[in-house]
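Notes follow once the structure below has been shown.
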Amino acid sequence: MFEQAIGAMASVVVDPYLLGLIFVTTVLGVIIGVLPGLGATTGAALLLPFTLTMDPVHAIAVLATIYVSATFAGSITAILINAPGTSAAAATTFDGYPLAQKGEAGRALGIAVISSTVGGIFSVLILCFAAPLLARVAYEFRSPEYFALTVFGLSMLASISAGGAVKNLIGGIFGVWLSTIGAERVTGIERFMFGNYELYEGLHFVPIFIGLFAISELLVQSKTVDKIIKTVAMKAVKLPTKEDYKKIWKTILRSCGIGTFIGVLPAEGATVASMIGYSEARRWSKNKKEFGKGSIEGIAGAEAANNAATGGAMVPTMVLGIPGSGTTAIILVGLMVHGLRPGVYLFTEQVEKVYQIFGSMFIANVMFMLMGLYAAKIFARVSLVPTAILWPIVFALSVIGAYAFQGQLLDVWLALIFGVIGFFARRFGFSVAPIAVGLILGEMVETNLQHSLKMFDGAWWMILTQPLALMFLIFAFLGLCGPMIFSWITKQKK
Amino acid sequence: MIKKNIYFVPLFLAIFSFVVIAVALQLDTSPEMIVGDSMQARSFPIFLMILNLILVAVLILQFYKNQPNPIPLEKFPTWGSMILFLVFYVLTVFTDMFIGIFVVMFLMCVLWGEKRIWVALLTASITPALIFMLFDLVLKIRFPRGILTNIYYG
């Protein structure tokens, strides 16, 4: 198994086509990451239709590369123009931009690049070891366990974004409801189709995701047409000095652990990881006063954590079919579209492909490090592309991409409709990521509930007699009610 | 003073839930021998909407306690872009998808503040042409028939 894994990962290096693809995608990912508004999720949604005709490994490698490189690249604009290219880089602005204003933009970027690379590589290594182990545990799962696991995944949606727990859960439920549109899988009864037989097999993820992530972002960005960007001058990216390394190595290691762990949790992602990585860096720092004024520990804490979350988030995605973030939801769709069924099957029947994907992620981390060190200045200029030019291009890519998925105009209309729905949802403080994750998990939760009920002759409470299922349901309950119970206990103590 | 318009969202969500429940109740029922001890097709969506209604009630409570500020109306580029989606629909259905993309891209460029008309024209013509070439020649995807694609496909 170990030799097979190493062999598969090494095969990426000797595949010039795949290497070239990773290189091009890394460049594209960095460009997507530096363009404000066009994060890893939007980028992956836009690129998904382009991967449809590719070999499965190449397709997932493209999506995974976009994920890691765009997550890193968000820090370039966060440091140079105080506008995080991705939400995961928001914590980097706290100290990155102040350090850049002091005339040390190159140093700030150097710290960000190294921390991101270490975080990314660390999480890929954890992914290589943890994913097969988790897959072995998942081998024991039957319908009740999968049902409880998906409920746990849905409960974690409460904290997937800053919209607020209740709004996130409403978004998740809306997503799950969307998954019920079409013919019901057991009885074949048509639900919410209103005579439209193109919806018989249900809503397809690709156009919905293009709408929710790309088109809705386009409408959100239309509010920023008058925004004036102030740039900070930078000569060249500087590698951290020995003193810098001495100061940040503990922070990087801590954030690697935090980021990977948070990434592994269903429905938690790089944004949460970077915020916690940053606050933990501050909590453990001897120089707390420097935070917010250009602390290199702050940059390292946030950046190592957000890139470590990328590998972590791939664990539940590939092993359990439960996405850890909006971007992994798209990667999961990529896996499904290419016939790679996430779960135990993937790790028993298609091990080689899995490790090739991991190997691609490893190489992508090295490539973005080189690009970050030697070409960050050039990439930063891309962020100055006028929105009036950029977003009409995104529109064209979105509608053609939605059409290309199945060659149906209905998908284009669905992308536009869900773009408007996503925009209004965001306008009223709802995040679109819970809708996307809910849509993916919806089928899983309903099907496994049906199977469980059949298993136990309709006695639903028997699900609670299964130890693993009970554990996941307790986790779900604690995830939902834990903060409320904790704050009540604290109030009572006071 | 209670800001009434902030309750528009929970109200909309509640109405949506009731509509879904009403539609779900109209769905066919399957014979006992097919469903067995499992659920009818209507049960799961109804269960979801009941959960939704509970969450909406919590949301109303939160709004009542915290009184969030009403959200200001969007500027013209946002509404304009949505209107352009309709223009795209009409042009695609009645002329050609690529005519729709060209017109919408050009108008969007101008709407979003691009003052150089030639830049807007170039963006609107080169981008769809390049994407079309990529999808048609490399990815082998055939686009819907229309005035322009008929000329290309023959």
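Here, each number is a calculation from the coordinates, and none is a lab measurement. This one's a predicted model, so the numbers in the text were calculated from it and none came from an experiment. Neighbour counts are summed over all protein chains in view; Cβ atoms, including those assigned to glycine, are modelled from backbone coordinates with ideal geometry.
Here segment B:9-60 was treated as a single set of alpha-carbon atoms; its pair distances binned every 5 Å from 0 give 4, 21, 24, 18, 13, 9, 6, 3, 0 percent.
Taking other C-beta atoms within 10 angstrom as a stand-in for reagent exposure, A:Tyr345, B:Tyr7 fall in the order A:Tyr345, B:Tyr7, fewest first.
Could you work out how far the C-alpha centroid of segment A:342-394 sits from that of segment B:129-149, in angstrom? Cα centroid to Cα centroid, the span is 26 Å. Here the relative contact order of segment B:4-66, from alpha carbon pairs under 8 Å that lie six or more residues apart, stands at 48 percent. The ranking of A:Lys353, B:Lys140 by Cβ neighbour count inside 10 Å, starting from the fewest, reads B:Lys140, A:Lys353.
Charge tally around A:Gly202: other residues with Cβ under 12 Å, Lys/Arg +1 each, Asp/Glu -1 each, net -4. For the residue pairs A:Lys102/A:Lys247; A:Lys493/B:Lys65; A:Lys246/A:Lys289; A:Lys102/A:Lys238; A:Lys289/A:Lys491; A:Lys288/A:Lys377, the C-alpha atoms sit more than 21 angstrom apart in A:Lys493/B:Lys65; A:Lys289/A:Lys491; A:Lys288/A:Lys377. This ranking places A:Trp249, A:Trp413 by how few other beta-carbon atoms lie within 10 Å of each, fewest first, which gives A:Trp249, A:Trp413. Computed from the C-beta positions of A:Lys102 and A:Trp460 and an R0 of 60 Å, the FRET efficiency is 0.50 to the nearest 0.05. Against the main long axis of the alpha-carbon atoms of chain A, helix A:326-337 sits at an angle near 50°. Compute the helix-to-body angle for A:467-493: its Cα long axis versus the longest principal axis of chain A, expressed 0 to 90° and rounded to tens. Tilt of helix A:467-493: around 60 degrees. Once each part is reduced to its C-alpha centroid, what is the distance from segment A:1-72 to segment B:8-24 in angstrom? After rounding, the separation between the Cα centres reads 41 Å. Averaged over peptide A:188-194, the number of partner chain Cβ atoms lying within 10 Å of each residue's Cβ comes to 4. Here each label is just a point 7 Å from Cα along the line to Cβ, and for A:Ala375 and A:Glu243 those points are 3.3 nm apart. Counting only alpha carbon atoms, the long axis of helix A:105-138 and the longest principal axis of chain A meet at about 30°. Given contacts defined as C-alpha pairs under 8 Å and at least six residues apart, what's the relative contact order of chain A, whole-number percent? Relative CO of chain A lands at 29 percent. Where in chain B are the DSSP H helices whose C-alpha atoms run 27 Å or more along the long axis and whose mean Kyte hydropathy is at least 1.0? Those that clear 27 Å and a mean of 1.0 are B:43-66. Let me know the shape class of the protein assembly as shown, please: from the alpha-carbon gyration tensor, a ≥ b ≥ c as square roots of the eigenvalues, rounded when a/c is under 1.5, otherwise prolate if a/b is greater than b/c, or oblate. Here the protein assembly as shown falls in the rounded category. Inter-chain neighbour count for B:105-116: the average number of beta-carbon atoms from partner chains within 10 Å of each residue's beta-carbon is 5. Across every pair of non-identical alpha carbons in segment A:367-481, the mean reciprocal distance, once inverted, gives a Kirkwood radius of 19.2 Å. Net charge in the neighbourhood of A:Val333 (other residues with Cβ under 15 Å of its Cβ; Lys, Arg +1, Asp, Glu -1) is -2.
Residue by residue along B:124-131, Cβ atoms of other protein chains within 10 Å of the local Cβ number 3 on average.
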